[in-house]
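Some notes on the structure that comes next.
The values are calculated or read from the model by the stated rules, or taken from the named source; none is laboratory data. Everything quoted here is computed from the prediction, not taken from an experiment. Here the Cβ is made from the backbone with ideal geometry for all residues, glycine too, and neighbour counts use every protein chain on show.
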Amino acid sequence: MIEGHTDNIPIKTNIFKDNWDLSTARATSIVRILTKDNGFDPTRITASGKSQFHPVKENDTVEGRAGNRRTEVILSPDLKELYKLLEQ
């Protein structure tokens, strides 16, 4: 899963209606790079927008807000394959 995040400053432009749009666009841009440019299987990747609701830093400084404008790659194992290994 690719998660997009924003700071808590509201955005409204011709391209992005709000921070939800921006965070989702961040995630989908990475998904496109992984699938179209690097051959990753698109059926195994999900783009997710988290907006401003999962900050990793305080939003009351420029540096903190910059840290919250990010994408994260969340790796999850294929549980079917894991169960097969455990059965052996």
Could you list, in sequence order, the residues of segment 46-82 that are at pLDDT 95 or above and among the aliphatic types (A, V, I, L, M)? Ala47, Val56, Val62, Ala66, Val73, Ile74
If a residue must be touching a helix residue (DSSP H, G or I) at 6+ places or on another chain (Cβ under 8 Å), more than 19 Å from Phe16 (Cβ to Cβ) and either free of Cβ contacts under 8 Å to residues at least 12 places away in the same chain or surrounded by 13 or more Cβ atoms within 10 Å (Cβ to Cβ) (or both), how many such residues does segment 57-75 contain? 2
Are any residues in segment 38-60 of a type in the set (S, T, N, Q) and over 11 Å from Asn8 (Cα atoms), and if so, which ones? Asn38, Thr43, Thr46, Ser48
Quick one: what pairs do we get from segment 38-56, first residue free of Cβ contacts under 8 Å to residues at least 40 places away in the same chain, second loosely packed, with under 13 Cβ neighbours inside 10 Å and in a loop (DSSP other than H, G, I, E, B), C-beta under 9 Å, 6+ apart or different chains? Arg44/Asp78
Please go through segment 1-44 and pick out each residue that is among the β-branched types (Val, Ile, Thr) and either farther than 29 Å from Pro77 by Cβ or surrounded by 14 or more Cβ atoms within 10 Å (Cβ to Cβ) (or both). Ile2, Thr6, Ile9, Ile11, Thr13, Ile15, Thr24, Thr28, Ile30, Val31, Thr35
